[in-house]
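None of the figures in this text is laboratory data; all of them are computed from the coordinates on show. The shown structure was predicted, so the numbers you read here are calculated from the model rather than taken from an experiment. Using ideal geometry, Cβ is built from the backbone for each residue, glycine included, and neighbour counts are taken over all protein chains shown.
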Number of protein chains: 2
Amino acid sequence: VLAVTDPYGARRVLRPPGVLPQQAEALDAAAPLGDDELLIEVDALNIDAASFRQLRGECGDDPRRIGARVCEIVAARGKMQNPVTGSGGMLIGRVAQMGPSHPAAAAGVRVGDRIATLVSLTLTPLALDEVCAVDIARERVEVRGRAVLFASGPWARLPGDLEESLALRVLDVCGAPAWVARLAREGMTVLVVGAGKSGSLACAQAKAQVGARGRVLALDLRAPERLAAAGLCDGALSADATRALEVHAAVERATGGALCDLVVNCASVPGTEMATVLCTRAGGTALFFSMATSFTAAALGAEGVGKDALLVIGNGYAPGHADLALELVRKHEALRAIFAA
Amino acid sequence: VLAVTDPYGARRVLRPPGVLPQQAEALDAAAPLGDDELLIEVDALNIDAASFRQLRGECGDDPRRIGARVCEIVAARGKMQNPVTGSGGMLIGRVAQMGPSHPAAAAGVRVGDRIATLVSLTLTPLALDEVCAVDIARERVEVRGRAVLFASGPWARLPGDLEESLALRVLDVCGAPAWVARLAREGMTVLVVGAGKSGSLACAQAKAQVGARGRVLALDLRAPERLAAAGLCDGALSADATRALEVHAAVERATGGALCDLVVNCASVPGTEMATVLCTRAGGTALFFSMATSFTAAALGAEGVGKDALLVIGNGYAPGHADLALELVRKHEALRAIFAA
């Protein structure tokens, strides 16, 4: 273990000089482990959906060719960042070695513990010995290899009581409920736009925050009422979130004209910024967790309608986010059903 | 005046049906004034820089042809939204008629008052009688025409004591100091990235908020020290905001490792999200006012380095934002010099 402090992995960037690992063309995964780094014996890569789709197309849906292409990319770049889509994914493995200053050491992690990285593969140094299997349905590549986790990189212990692929899907969106926990207060009216995986977690957490005097509404084009029926929210609105004026009218009716203290955007489609802005009351907060959010559409949209709202970019990290989301899923059978699907 | 309530101008959308005026292909500027609308006799259009550049190219820098093209666009669309760039600008004129429920009536505005709209021309119904002159240097088109302001659209009285084009430049970025006023607190260390027009206003306001126990730093590639010399901030860092690790090292040195409670991004170039995130302390706030901000770069960037920060989209509107910014410029001669340039 080298006595260096390098929380962002700057010394592992091969080229171009001076950039962060995410922006790098290639990383050095083979350099000796630093004092504040953690070495993972990797079992599986969960490739991001956009990247996997591209690999399937390029390799004619052939698992063997996909595996060979993954090896090729990792050999060239020292990380599994798809050169076409630019995207990555997550990985699972066992702790092989821990630098004494890596935060996992203080958190009681031991060599051999099974963990998932919560930072993108696009910035994770990786070397592969072999690809063992490619599971096309699950967008998963089983491998033997080694990865390095920097001191600044979030990770989570894989829980023993939940199915691994279910736990991974929860961990993938665990930032949303954590930020809802921070921004939702007792008595608030909260609207969650998009009742999918992250939206259902946001609903459950919002309901815990607002208490009996508050109210949580879920809005989706498809079956938002299943969340209300499962007790994850108090009311459901069936509407197309890209149609801002219709959504606004529906939310005005549902709230007696008061609109919402907090609107959480978990939509999976673009063009939902204005519905989010219009449904937030003056002085309220709009929290954007949809990766399809356009910065300018939100900023200029709020300005154009003179909406005095705090507009928040959903940060994928908050301390304790993994445990909070896993605990929600343990508590609510309905969430387990949503994440098992 | 029609007895209708239509704060977002939905009834003026000609096509496609159901969208907001900003997304509309064409607006109806001729419909009778509504109860909650305001009619402006327009003197001048301040065309947005991207749009004006496109018009100059298309019209071979000929003022006459630019004027004719502006007439053509407004005749076709009922608004001055450049069909190539999609962008607009602002307008200046006199209040010609006020619906009794428009907020300007309650604010004591009178017919004949000179105002500027603070909402984009991309959503402002407009009809032109003629183009009188095109000022290429100032990206300004003098016209005779009529525009409609909705109840939700921000506007400002033009101050009598400041030169009009200076006042317009201030009004164009007045959201930044207003949100700094809300997010900066006494004793904070604030970093402003980008020491241009909005950045210098952000510095001046931050300095007023943090008081003698706080500290305001300005970071820019070009001459940030002029702001410190003028008393608009306490310290200046000369660095390239696209080089996150270098910026982080400089800010660590300048703050004794503590980093900043609030970082305000007013950069004019893309790729400055990570410098902003890295310089924000854990538990701090990053406020993005640069229109070049990438939503995903900020969200995934913060996640990738495990930075627990509130990431805020700079909202161009906040109550009182115009008066606050104009007052700052009155108070600081250095700001007047920056905005006169």
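To the nearest whole number, what is the average tally of beta carbon atoms from other chains within 10 Å of the beta carbons of peptide A:240-248? All intermediate terms of the calculation are to be shown ahead of the outcome.
Values: counts 1, 0, 3, 3, 7, 6, 1, 0, 4.
That average works out to 3.
Relative to the other identical copies, B:A105 shows label-point distances of 7.2 nm, where the label point lies 7 Å from Cα along the Cβ direction and values run shortest first.
Note on chain A: antiparallel DSSP beta bridges, both residues inside, total approximately 60 percent of the bridges counted. Of all DSSP beta bridges confined to the protein assembly as shown, the antiparallel ones make up roughly 60%.
Neighbouring Cβ atoms from other chains, within 10 Å of the Cβ of residues in B:13-25, number 3 on average. Dipole magnitude for segment A:153-242: computed about the Cα centre from +1 point charges on Lys and Arg Cβ and -1 point charges on Asp and Glu Cβ, it is near 280 debye.
Unpaired cysteine residues in chain A (no second Cys Cβ under 4.7 Å): A:C59, A:C71, A:C132, A:C174, A:C260, A:C266, A:C279.
Take every Cα pair under 8 Å whose residues are at least 6 apart in sequence, average their separation, divide by the length of segment B:237-321, and the relative contact order is 27 percent. Counting Cβ atoms of other protein chains within 10 Å of each residue's Cβ and taking the mean over peptide A:309-322 gives 6.
For the rotational copy relationship between A and B, the axis lies nearest to a chain A beta carbon, identified with its distance in whole angstrom as A:F295, 2. Averaging the sequence gap over all C-alpha pairs within less than 8 Å and six or more residues apart, then dividing by the number of residues, gives segment B:1-142 a relative contact order of 29 percent. The other copies place their A:A30 label points at 7.5 nm from this one, listed shortest first, where each point is 7 Å from Cα along Cα→Cβ. Overall, the ratio between the Cα radius of gyration of segment B:58-210 and 2.2 N^0.38 Å, rounded to two decimals, is 1.21.
Highest mobility in the GNM of chain A, judged by mean-square fluctuation with C-alpha springs under 10 Å and restricted to A:M98, A:M80, A:M291, is found for A:M291. Here is how far apart the B:P16 label points are across copies: 3.9 nm, shortest first, using a point 7 Å from Cα toward Cβ. Which of B:A241, B:A302, B:A127 moves the most in a Gaussian network model of chain B with Cα springs under 10 Å? Residue with maximal mean-square fluctuation among B:A241, B:A302, B:A127: B:A302.
What order do you get for B:189-195, A:8-14 when each peptide is scored by the mean count of other beta carbon atoms within 10 Å, highest first?
Details: B:189-195: 29.4, A:8-14: 20.4.
Ranking, from highest mean packing down: B:189-195, A:8-14.
Put a plus charge on the Cβ of each Lys and Arg, a minus charge on the Cβ of each Asp and Glu, and nothing anywhere else: the dipole of segment A:212-333 about its Cα centre is then about 160 debye.
Across chain B, where is the longest run that never hits GluC sites (Glu not before Pro) in a DSSP loop with at most 13 other C-beta atoms within 10 Å?
So the longest stretch without any such site is B:1-162.
Lys-Lys pairs in the protein assembly as shown that are eight or more residues apart or on separate chains and whose Cα atoms lie under 29 Å of each other come to 21.
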